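Novice: Please see the structure below; I have some questions.
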Amino acid sequence: DGLEDAGVGVYDPLKGESTAKSQRTRTSKSDRNTKRNVVVNQSLLVSGESGSGKTVTTKHCLRYLASLSQRNGKAASRGTLVRSSRPSLRNIVKAPSIRLSKSAPPLERGLSRRVSVSRGSGFSSMGSISEAQLESNRPSMDRRPSWILGSDIEVKILEANPILEAFGNARTVRNDNSSRFGKYIELFFSQKGSLIGATIETYLLEKVRLIHCEEGERNYHIFYEIMDGASEDELKEYLLDGYEKEDFKIINQSGTMDRRDCVDDQEEFDNLIESMSLLQFYPDQVRDIMRVSVSCMHALNLTFTAPSEDESDLDDANPHLQKFLSLMGLERK
């Protein structure tokens, strides 16, 4: 026989605070073994006010689960990697998984067991979910296999963070790396406890931040990272040569351009490109993403003229207009 502790936080609406209560129960060894062997979906909800540490907590959860997976993987396969451009759906349908969640209800994906993490509309996948997705990820001659099963998947899941943070995080009054979106992560495990895939859904991105930032805050990290981290050739390619951060309204409107947490935007840009490479983005995909990001910078600098009292038109004399059109592949008519 053995003792088990069960902890629960109870919220008192009158006092406006939570109190922790613990209940100790006696269970037999056979009961505990039965609980460990039950295959069930599991979820973890990470919530809290701004600046409370939701993003960092989610990172710690992912690192912990990834380290457990690597330990289980080494025990099962002695560290060997299995590579495949199209993993068999049969290897994943019965896979357990973990759900880490911030605010959205779990989305069932037809797997028998999950562990998912949800922290906060787009969809990215690092595992096998459906035949349709498998068909859309056929191997290509000019890139490495897009599906890597084995210990590489842990690294890929962790390396998704720099991408999500660059395009979805910003400095606020209370937090220098505040996630301005929700995140729902599903991790898929084999029956032996090895991590074999993941999906990440994002939603409720704070789009209004693109056109307005409060004093003391910053826009999304990507704009500052491009200006500080892009090479001279990249600045020319993205039509940013000769410009400073202060020249763009999307950056300068709040009067705040630095970070108080001592994170360097140039280093973060290097980490972003490295993460995209590790997750096997096509080079032209990376260029297109950067061009769209820079086009937003030029777009907010556009001005208008008034041919008459009830008409308006783009100001052709504004140098940002042609740059915006070129980056977006458009023509002025």
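The values are calculated or read from the model by the stated rules, or taken from the named source; none is laboratory data. A quick note: this is a predicted structure, and the numbers were derived from the prediction, not measured. Heads up, the Cβs are rebuilt from the backbone with ideal geometry, glycines too, and the neighbour counts pull from every protein chain shown. We work out accessible area using only protein heavy atoms, side chains counted, and drop any ligands, DNA or RNA first. Shrake-Rupley method; radii C 1.70, N 1.55, O 1.52, S 1.80 Å.
Novice: So, in segment 313-328, of the ones that are in a loop (DSSP other than H, G, I, E, B) and open to solvent by less than 90 Å² (accessible area, probe 1.4 Å), which residue ends up nearest to Asp247 (Cα to Cα)? Outline the logic, then answer.
Specialist: Of the residues in segment 313-328, the ones in a loop (DSSP other than H, G, I, E, B) are 315-318.
From what's left, open to solvent by less than 90 Å² (accessible area, probe 1.4 Å): 315, 317-318.
Numbers: Asp315: 18, Ala317: 17, Asn318: 13 Å.
Filtering first and then ranking leaves Asn318.
Novice: When the residues of segment 260-307 are narrowed to those that are in a loop (DSSP other than H, G, I, E, B) and open to solvent by less than 30 Å² (accessible area, probe 1.4 Å), which ends up modelled with the lowest pLDDT?
Specialist: Quick first cut of segment 260-307, residues in a loop (DSSP other than H, G, I, E, B) only: 260-264, 279-282, 300-303, 306-307.
Adding the requirement that they be open to solvent by less than 30 Å² (accessible area, probe 1.4 Å) leaves 280, 301.
Details: Gln280: 90, Asn301: 97.
Among residues in segment 260-307 that are in a loop (DSSP other than H, G, I, E, B) and open to solvent by less than 30 Å² (accessible area, probe 1.4 Å), the one modelled with the lowest pLDDT is Gln280.
Novice: So Asp310 clears everything in (1) open to solvent by less than 30 Å² (accessible area, probe 1.4 Å); (2) acidic (Asp, Glu); (3) more than 28 Å from Asn175 (Cβ to Cβ) except one condition, right? Which one?
Specialist: With respect to (1) open to solvent by less than 30 Å² (accessible area, probe 1.4 Å); (2) acidic (Asp, Glu); (3) more than 28 Å from Asn175 (Cβ to Cβ), Asp310 is out only on (1).
Novice: Specify which of the listed residues (Glu225, Glu201, Glu217) is buried (at least 19 other Cβ atoms within 10 Å of the Cβ) and either assigned to a loop (DSSP other than H, G, I, E, B) or of a type in the set (A, V, I, L, M) (or both).
Specialist: Going through Glu225, Glu201, Glu217 in turn, just one is buried (at least 19 other Cβ atoms within 10 Å of the Cβ) and either assigned to a loop (DSSP other than H, G, I, E, B) or of a type in the set (A, V, I, L, M) (or both): Glu217.
Novice: Please name all residue pairs, on different chains or six or more residues apart, with Cβ atoms under 9 Å, provided the first residue is in segment 226-254 and is within 19 Å of Val292 (Cβ to Cβ) and the second residue is part of a loop (DSSP other than H, G, I, E, B) and of a type in the set (Gly, Ala, Ser).
Specialist: Sorted first by the residue in segment 226-254, then by its partner, the pairs are Leu235/Gly242; Glu237/Ala230; Tyr238/Ala230; Leu240/Ala230.
Novice: Related question: Name the single residue, out of those in segment 170-190 being at pLDDT 90 or above, touching a helix residue (DSSP H, G or I) at 6+ places or on another chain (Cβ under 9 Å) and of a type in the set (Ser, Thr, Tyr), that is farthest from Tyr203 (Cα to Cα).
Specialist: So, considering only residues that are at pLDDT 90 or above, touching a helix residue (DSSP H, G or I) at 6+ places or on another chain (Cβ under 9 Å) and of a type in the set (Ser, Thr, Tyr), the one farthest from Tyr203 (Cα to Cα) is Ser178.
Novice: Ok, one more. Quick one: would you say Met257 is of a type outside the set (Val, Ile, Thr), under 29 Å from Gly51 (Cα atoms) and not in a loop (DSSP other than H, G, I, E, B)?
Specialist: no
Novice: Same structure again: Based on what the data block shows, is Ala166 open to solvent by less than 10 Å² (accessible area, probe 1.4 Å), out of contact with any Pro (no Cβ under 6 Å at 6 or more places or on another chain) and not in a strand (DSSP E or B)? Reasoning before the result, please.
Specialist: Working: open to solvent by less than 10 Å² (accessible area, probe 1.4 Å): yes; out of contact with any Pro (no Cβ under 6 Å at 6 or more places or on another chain): yes; not in a strand (DSSP E or B): yes.
Considered against the rule, which asks whether it is open to solvent by less than 10 Å² (accessible area, probe 1.4 Å), out of contact with any Pro (no Cβ under 6 Å at 6 or more places or on another chain) and not in a strand (DSSP E or B), Ala166 comes out as yes.
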